[in-house]
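Below: the structure, in structure tokens.
The values are calculated or read from the model by the stated rules, or taken from the named source; none is laboratory data. Bear in mind the structure is a predicted one, so any value in this text is a computation, not a measurement. Glycine gets a Cβ as well: all are built from the backbone with ideal geometry, and neighbour counts include every protein chain shown.
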Amino acid sequence: MKETFAIIPVSRFSQAKTRLSPTLTPLERENLLKAMLKDVIRALRGSVDGIVVISSDEDVLNFVKNLNVTCLEEEGQTDLNGALTQAVNYSSQYADQVLIIPSDVPLIRRNQAQEMVELAEKWPVIIAPAKGGGTNALICPTNGIKMKFGDCSFFQHIEEADKAGLHRYIYDSFYLSLDVNTAEDLGEIMLHGSGTETSRFLKSIGLRVKSNHGIERLKVER
């Protein structure tokens, strides 16, 4: 079986999820990111041969030191894809392929991580779409395709795989499609995230979710 390293890029705690400012305080947003990161790492554990967290934030790296992962500090001023390229280059010393996953997909299940890794034995590139056209998981060879994370990256990763002549598999999952950017996303986590650190945290700070008949399907309030 191919050696697989998972890569989780993490932004600065102080800049975590600013779009949630109307709902959460800065400290709550930081603790939300910590809870989601724990959920993602827990889901990956046992399905991959190593887990790498890359960040430019010393606070992030200090936090994950106790989570039994490899801590990688970004080198120089770079963007998300530059940081991922650094992490892929590091992982290529030890692994045949990488599983790249954001830190804000706390609904990922352990069996899904395992299933994607198993599918990668046949399909060199596995792409899990995010709602809105992004990418919430990508498996590819360490020397495979360019990182294109960002707006509409799902379609760009398909294009990169095709250009490289690599067969691709689209792993379409509700749980993996949900990343956290809005209050409504928090509601989805609370509804579907039973047993996760993230759901427990959101409930511990007094958030409640209910159906809404307005533009947003769910309303989150204290």
Checklist outcome for this item: Turns out the helices (runs of 4 or more DSSP H) fully within the range 169-222 with at least 3 residues that are under 21 Å from Asp39 (Cα atoms) and either in contact with a Leu (Cβ under 6 Å, 6 or more places away or on another chain) or modelled with pLDDT under 95 (or both) are 183-192
Next on the checklist: If the requirement is being at pLDDT below 95 and either charged (D, E, K, R) or in a strand (DSSP E or B) (or both), which of these qualifies: Arg42, Arg19, Arg29?
Outcome noted: Arg19
Checklist entry - In the range 65-100, which residues are under 19 Å from Asn31 (Cβ atoms), out of contact with any helix residue (DSSP H, G or I) (no Cβ under 7 Å at 6 or more places or on another chain) and not charged (D, E, K, R)? => result Asn66
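Based on what the data block shows, is Gly76 small (Gly, Ala, Ser) and at pLDDT 95 or above?
For Gly76, the condition - small (Gly, Ala, Ser) and at pLDDT 95 or above - is not met.
Is it the case that Gln15 is out of contact with any strand residue (DSSP E or B) (no Cβ under 9 Å at 6 or more places or on another chain) and either surrounded by fewer than 21 Cβ atoms within 10 Å (Cβ to Cβ) or among the polar types (S, T, N, Q) (or both)?
Considered against the rule, which asks whether it is out of contact with any strand residue (DSSP E or B) (no Cβ under 9 Å at 6 or more places or on another chain) and either surrounded by fewer than 21 Cβ atoms within 10 Å (Cβ to Cβ) or among the polar types (S, T, N, Q) (or both), Gln15 comes out as yes.
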Next on the checklist: Taking the conditions exactly as written (part of a strand (DSSP E or B), at pLDDT 95 or above and of a type in the set (S, T, N, Q)), does Asn136 satisfy them or not?
Outcome noted: yes
Checklist outcome for this item: Restricting attention to the range 55-78, the residues that are among the hydroxyl-bearing types (Ser, Thr, Tyr), more than 17 Å from Ala16 (Cα to Cα) and in a loop (DSSP other than H, G, I, E, B) number exactly 1
Checklist outcome for this item: Restricted to the range 70-110 and to residues being in contact with a strand residue (DSSP E or B) (Cβ under 9 Å, 6 or more places away or on another chain) and free of Cβ contacts under 8 Å to residues at least 40 places away in the same chain, the residue surrounded by the fewest Cβ atoms within 10 Å (Cβ to Cβ) is Glu73
Checklist entry - Taking the range 128-141 on its own, how many of its residues are touching a helix residue (DSSP H, G or I) at 6+ places or on another chain (Cβ under 7 Å), without any contact (Cβ under 8 Å) to a residue 60 or more places away in the chain and more than 15 Å from Asp104 (Cα to Cα)? => result 1
Checklist outcome for this item: In the range 1-16, anything modelled with pLDDT of 95 or more and out of contact with any Asp or Glu (no Cβ under 8 Å at 6 or more places or on another chain) is listed as Ala6, Ile7, Ile8, Pro9
Item to check | Condition met for Ala113 (touching a residue at least 24 places away in the same chain (Cβ under 8 Å), assigned to a helix (DSSP H, G or I) and of a type in the set (A, V, I, L, M)) | outcome: yes
